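Taking it in order: structure first as structure tokens, then the write-up.
Please treat every number below as a calculation from the coordinates, not as lab data. Just so we're clear, the structure is a prediction, and the values are computed from it rather than from any experiment. Cβ placement follows ideal geometry from the backbone for every residue including glycine, while neighbour counts extend to all protein chains displayed.
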Amino acid sequence: MPFKKIMRLTLWLSIFGGGCAWFAGESTPEWIRSPHQSYPPERYLTGIGEAESREQAERRAYAAVARVFSAKVKAQSMDHERYSLQESGESHQTRRELQLDHRMQVTTNKVLENVKVLDIWYQPSTRHFFAFAGLDRQQAEQSIVERLQDWDVKIENMLDQGRTHPQKIQRIRGYKQAITLLANRDVLNADLRVIRASGESLPSSYRISQIQREFTDFVAKELVISVTIEGDDHEDIERAILEGLKQEGLLGHTAKVASWETEDLAIVGQGHLWNLDIPDPLFTYVRWCGDIDIYENPSHRLIGVISETGREGHITEQEARVRANSAMQRVLSHEVARLLTQSFFDEESAALNKLQKPKACPH
């Protein structure tokens with residue numbers, strides 16, 4: 001057999017031997033001419049990708065499905081769920097926003113794991129590959145419904161913990177996790193509306209705003225927190241910490257002095273400022289430090305340890321001290337709120353928070 005014929009035969013065998021049902025020829029497949037006829041939209045959510053390589057065509061087909069699906073989800077979902085917290089005994093409201101954008105991305109990516117390449121076609125005249133990807137609505141619907149049902153069980157368990165647990169910290173953890181699960185569930189439910197040709201969803205028995213109000217009432221009426229800081233400008237630090245807790249919805253009654261008996265959370269520590277002897281013809285530097293321990297009562301169990309330090313400079317000593325004091329308040333209040341919030345969601349991180357750290361303030 002002539003050499004050219006052997007090479008041509010080898011080329012066609014390699015094309016058809018790729019393990020995937022795709023066709024080489026100028027006859028355009030039906031799924032390109034009329035994709036909805038070959039794969040009915042009530043059963044499939046589809047997209048087509050074209051490229052010089054098969055891999056790139058498949059990626060573009062996946063991306064086409066993802067764009068359609070994500071656009072439909074965003075059209076069905078609220079970007080933000082806003083709710084107001086009426087602080088007990090306060091004359092103002094704290095408005096909080098629950099960002100859902102990240103949750104939308106996570107749940108959407110999970111659904112899109114079910115996208116498959118349904119067909120491939122190679123057009124010799126243009127040397128282009130065409131990939132046809134699709135999401136089977138029935139399979140995706142079954143997967144989503146099962147996940148929603150699992151989350152409903154978890155939400156019930158977390159709410160029961162929030163309403164009945166004898167330890168108040170565990171009650172906070174139950175409420176917080178129930179709210180987070182409900183937010184995730186809302187996004188997944190939006191996915192279900194897109195997957196189902198009917199647009200029907202599977203609503204929860206609870207609303208975030210309802211559980212948030214219940215949680216806020218519990219915190220306002222039953223949670224007692226003491227904040228006792230010693231050292232320089234300690235009152236400013238105490239106010240900053242309480243404000244940080246309020247922003248997280250964790251501020252209940254406050255006790256001025258820790259008694260280790262009445263409060264549920266005791267935040268104790270110290271903060272100091274001092275001048276640094278650094279040879280600098282222009283700037284004066286002031287260092288700050290803060291050491292804080294957080295306890296859960298009545299067990300006096302250590303929840304977390306915070307040790308932070310830093311320095312600020314300015315052309316005048318007074319302004320350097322003001323900046324250092326501001327930085328100390330900002331960092332310590334943020335770390336207290338972060339540590340407490342983290343301990344309600346992540347048991348592993350909560351355990352790390354309790355590890356003893358080198359003290360930031362000199363003895």
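Test of understanding: ordering Val336, Val68, Val153 by Cβ neighbours within 10 Å, fewest first, what list do you get?
In order of increasing Cβ crowding within 10 Å: Val153, Val68, Val336.
I'd like the antiparallel share, as a percent to the nearest 5, of DSSP beta bridges with both residues in region 223-353.
Expressed as a percentage, antiparallel bridges in region 223-353 total about 70.
At each listed q (0.11, 0.14, 0.21 Å⁻¹), what is the log10 of I(q)/I(0) that the Debye formula gives for region 223-353 modelled as equal alpha-carbon point scatterers?
Log-scaled intensity ratios, in q order: -0.41, -0.62, -1.15.
If amide H atoms are built 1.01 Å from N in the plane of the peptide, which residues on other chains or at least 5 residues away come under 5 Å of the amide H of Gly304?
Ile294
Using the count of nearby Cβ atoms within 10 Å as a rough guide to exposure, how do Thr28, Thr228 rank from fewest to most?
Neighbour counts put them in this order, fewest first: Thr28, Thr228.
Please give the FRET efficiency for His363 paired with Ile315, using the beta carbon to beta carbon distance and R0 = 41 Å, rounded to the nearest 0.05. Don't jump to the answer; show the numbers that get you there.
On the way: r = 32 Å, r/R0 = 0.77.
The pair His363/Ile315 has a calculated efficiency of 0.85.
For the pair Ala63 and Lys246, what calculated FRET efficiency results from E = 1/(1 + (r/R0)^6), where r is the Cβ-Cβ distance and R0 = 51 Å, to the nearest 0.05? Don't skip to the answer; put the middle values down first.
Details: r = 44 Å, r/R0 = 0.85.
So, using R0 = 51 Å, E works out to roughly 0.70.
With only Lys, Arg, Asp and Glu charged, each at its Cβ (+1 for the first two, -1 for the last two), find how big the charge dipole of region 223-353 is about the Cα centre; round to the nearest 20 debye.
That gives region 223-353 a dipole magnitude of about 200 debye.
For region 286-301, what does the Karplus curve 6.51 cos²θ - 1.76 cosθ + 1.60, with θ = phi - 60°, yield as ³J(HN,Hα) per residue in whole Hz, taken in order and with x for Gly and Pro?
Once rounded to whole Hz, the list reads 10, 9, 10, 8, x, 10, 9, 10, 10, 10, 9, 10, x, 6, 6, 7.
I need the phi-derived Karplus couplings for region 160-171: 6.51 cos²θ - 1.76 cosθ + 1.60, θ = phi - 60°, integer Hz, Gly and Pro marked x.
Each residue of region 160-171 in turn: 4, 5, x, 8, 10, 4, x, 9, 5, 5, 5, 5 Hz.
How much length is gained on full extension from Arg43 to His234, taking 0.36 nm per residue of separation minus their Cα-Cα distance?
Residue separation times 0.36 nm, minus the Cα-Cα distance, leaves 62.3 nm.
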